[in-house]
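Everything below concerns the one structure shown next.
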Ligand SMILES: C[S@@+](CC[C@H](N)C(=O)[O-])C[C@H]1O[C@@H](n2cnc3c(N)ncnc32)[C@H](O)[C@@H]1O
């Protein structure tokens, strides 16, 4: 299962943090879950839309929708002076001077021809999750990578994964030398809960299936 040629080309051209091998694994999981359950897909961490393209293409193919949540002000490591800062994404309006990934995100989805299959929610993940009441085929966690944010994403969104649905976590690094540990701790917590079992691992992308109640 691969994305449409248009979606794949748009994915390759988009700014973002999703390597292609992991992106193809995400697409495969999203398409399988959306077909099997017929429920929406949800992403935390839209950034400029790179991974959203893949969820949107899977949603299009399965006749559902991809919801993606981001405040569009960037994570800690994307702020000025940090490793993943991109000066092109700073809103230069007088008195603003803050990261704003929303315009680039919108352009990415328009170029990919997938706007009709995406609901973009601009807001903080825990605040949006507190309002949420719809079961999901798949939750993809790729938001803030501090313990506070990764834990908040897990506690806010994992309860909405439908029975048999998938929980996908990005940037899971068992070895601290490879990257931050917060997503890894969330991954371990999900497995320890007894509510999720691992389906696949593609580099740092982990796909888990809901096999029990709770989180
Ligand atoms: C690693 S980037 C996402 C990368 C994207 N999935 C891709 O494929 O390129 C993380 C994103 O999460 C967003 N973010 C961080 N903490 C958040 C929070 N608490 N609520 C909403 N968005 C958040 C940031 O604004 C940033 O755009």
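Give me the residue from segment 118-159 that is more than 14 Å from the ligand (Cβ to nearest atom) and within 13 Å of residue 43 (Cα to Cα) and, out of that set, surrounded by the fewest Cβ atoms within 10 Å (Cβ to Cβ). Spell out the reasoning first.
Residues of segment 118-159 that are more than 14 Å from the ligand (Cβ to nearest atom), as a first pass: 119, 133-137, 158-159.
Going one step further and asking which of them are within 13 Å of residue 43 (Cα to Cα), we end up with 119, 136-137, 158.
Values: 119: 13, 136: 25, 137: 28, 158: 25.
My answer is 119.
Consider residue 164 against the criteria (1) within 20 Å of residue 27 (Cα to Cα); (2) surrounded by 15 or more Cβ atoms within 10 Å (Cβ to Cβ): it satisfies all of them except one. Which criterion is unmet?
It is condition (2) that residue 164 fails.
Would you be able to tell me the number of residues in segment 54-93 that are buried (at least 19 other Cβ atoms within 10 Å of the Cβ) and either modelled with pLDDT under 95 or within 13 Å of the ligand (Cβ to nearest atom) (or both)?
13
If you go through segment 27-34 one residue at a time, do you hit one that is on the phi < 0 side of the Ramachandran plot and over 16 Å from the mean Cα position of the chain (by Cα)?
Taking segment 27-34 and keeping what is on the phi < 0 side of the Ramachandran plot, we get 27-34.
With over 16 Å from the mean Cα position of the chain (by Cα) added as a condition, the list becomes 32.
Checked segment 27-34: at least one residue is on the phi < 0 side of the Ramachandran plot and over 16 Å from the mean Cα position of the chain (by Cα).
The values are calculated or read from the model by the stated rules, or taken from the named source; none is laboratory data. Quick caveat: nothing in here was measured; it's all calculated off a predicted structure. Neighbour counts are summed over all protein chains in view; Cβ atoms, including those assigned to glycine, are modelled from backbone coordinates with ideal geometry.
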